[in-house]
Each structure stands twice: as C-alpha cells, then as structure tokens.
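Please read the structure below before turning to the comments.
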Amino acid sequence: MDPLDPLDAQQIVVEYAQMLERDVTENRHPGRVESLPYAKPVIKSAICTSARTLAASGHLTDELREYLETAYTLLAEYLDAELVDLMAEYRQSAEQLTAESPSAREKINTAAWRTLAESSSLAGEVARAVATEAETLRSEFRSFIVSV
C-alpha cells in the first residue's frame with residue numbers, strides 16, 4: 001500500500017480508524033505499536049494524503065478535519081509492548097487499591113501498593129512522553145492542514 005496514493009491512503013486510514021475505534025471502545029490505551037495495521041509513519045502519511053485529497057475536493061469538513069486530527073494525535077498512544085504492560089499493571093494496581101477498603105496500614109502491605117511504589121516514576125515518565133508526542137503530532141497535523 002502506498003500512503004501517497006489517495007485510494008491506498010483512504011484504505012490505510014479506514015483500517016486504522018476501525019482498529020482505533022475498537023481500542024477506544026475496549027479501553028485498550030495505551031495500545032501496542034505492533035497492533036497497528038501499518039507502521040506509524042505509513043499511517044501518518046496516509047492521514048496527510050487523505051486530508052489533502054479531501055481539502056482539494058472541498059470535502060474536508062470541520063468535523064472530518066477534527067476526526068483526522070484526533071486519529072493522527074492518538075498515534076502517540078501506541079507504544080512498545082513493555083511500556084503498555086507497565087502502564088496496564090500500574091492502572092490495575094491503582095484500581096485495585098481504590099476498590100479495596102482496607103486501612104491505609106493494610107494497603108501499604110499489598111502487592112498493588114508495591115507495584116505503584118516501584119513503577120510510579122517510570123509510569124509518570126511514560127505518560128509525559130506520550131503527552132509530549134501527542135502535542136508534537138497535533139502541531140504537525142495542524143501545520144500540514146494549514147498548507148492545504
């Protein structure tokens with residue numbers, strides 16, 4: 001598939017959008033980069049090609065532009081498997097501690113507490129990196145959409 005060809009680009013965007021919708025519905029974020037239907041650079045290029053093609057034909061509505069921008073930006077949430085596992089374990093531990101009602105003294109002796117304590121710094125770094133990449137992607141998208 002050639003992400004610079006408008007028909008191929010449209011197909012790439014459709015496949016990515018279907019996968020993205022499933023992941024959002026099933027709360028699978030962050031997601032594994034290897035689960036993407038194509039490599040990130042291919043998807044980025046396909047979204048760019050699709051946006052430019054739609055703009056040139058007068059079919060790029062504000063709603064569609066916003067959808068494509070969101071899809072482009074959400075690529076930041078697709079990470080290496082190890083980081084996805086770390087974030088999932090961190091989230092599960094936090095949810096477990098929130099759901100349980102033992103005293104604070106009992107909570108600090110749980111596996112969930114140890115997981116949070118041991119991984120909070122790294123989880124924070126991952127979250128900051130994702131946020132930074134998302135902002136970079138948002139700016140990237142807006143800059144190429146302005147040039148259309």
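The values are calculated or read from the model by the stated rules, or taken from the named source; none is laboratory data. Keep in mind the model is a prediction, meaning the values are calculated, not measured. Here the Cβ is made from the backbone with ideal geometry for all residues, glycine too, and neighbour counts use every protein chain on show.
Per-residue answers, yes or no, for (1) in a helix (DSSP H, G or I); (2) modelled with pLDDT under 90; (3) acidic (Asp, Glu):
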| site | (1), (2), (3) |
| --- | --- |
| LEU68 | yes, no, no |
| MET87 | yes, yes, no |
| GLN96 | yes, yes, no |
| SER101 | no, yes, no |
| GLU106 | yes, yes, yes |
| LEU116 | yes, yes, no |
| VAL126 | yes, yes, no |
| ALA131 | yes, no, no |
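If you go through the stretch 75-85, how many residues are outside any helix (DSSP H, G or I) and either of a type in the set (A, V, I, L, M, F, W, C) or at pLDDT below 95 (or both)? Number satisfying all stated conditions: 2. Say we look at the stretch 8-46 and pick out the residues that are of a type in the set (Lys, Arg) and in a helix (DSSP H, G or I); which of these is farthest from MET87 (Cα to Cα)? Per the criteria, the residue is LYS44. Applying the set (1) touching a strand residue (DSSP E or B) at 6+ places or on another chain (Cβ under 6 Å); (2) over 27 Å from ALA123 (Cβ atoms) to ASP8 leaves exactly one unmet item: (1).
The sole residue among LEU54, LEU60 that is outside any helix (DSSP H, G or I), of a type in the set (A, V, I, L, M) and either at pLDDT below 95 or farther than 21 Å from ALA131 by Cα (or both) is LEU60.
In this structure, is THR53 surrounded by 14 or more Cβ atoms within 10 Å (Cβ to Cβ), over 13 Å from PHE141 (Cα atoms) and of a type in the set (S, T, N, Q)? Criteria met by THR53. Annotation note: Cβ proximity below 9 Å between a residue of the stretch 26-37 that is among the charged types (D, E, K, R) and a residue that is assigned to a loop (DSSP other than H, G, I, E, B) (sequence gap 6+ or interchain) occurs for ARG32/ASP80; GLU34/ASP80. Pairs needed: first member in the stretch 125-141, farther than 16 Å from LEU68 by Cβ and among the hydroxyl-bearing types (Ser, Thr, Tyr); second member anywhere, in a helix (DSSP H, G or I) and modelled with pLDDT of 95 or more; C-beta distance under 9 Å; at least 6 residues apart or different chains. That search, which allows pairs on different chains as well, returns THR132/ALA76; THR136/ALA76.
A Cβ distance below 6 Å, combined with a sequence gap of six or more or placement on separate chains, defines the contacts here; from the stretch 1-18, residues that are closer than 21 Å to TYR78 by Cβ reach residues that are not in a helix (DSSP H, G or I) in the pairs ASP8/MET1; ASP8/ASP2; ALA9/PRO3; ILE12/MET1; ILE12/PRO3; ILE12/TYR38; GLU15/PRO37; TYR16/PRO37.
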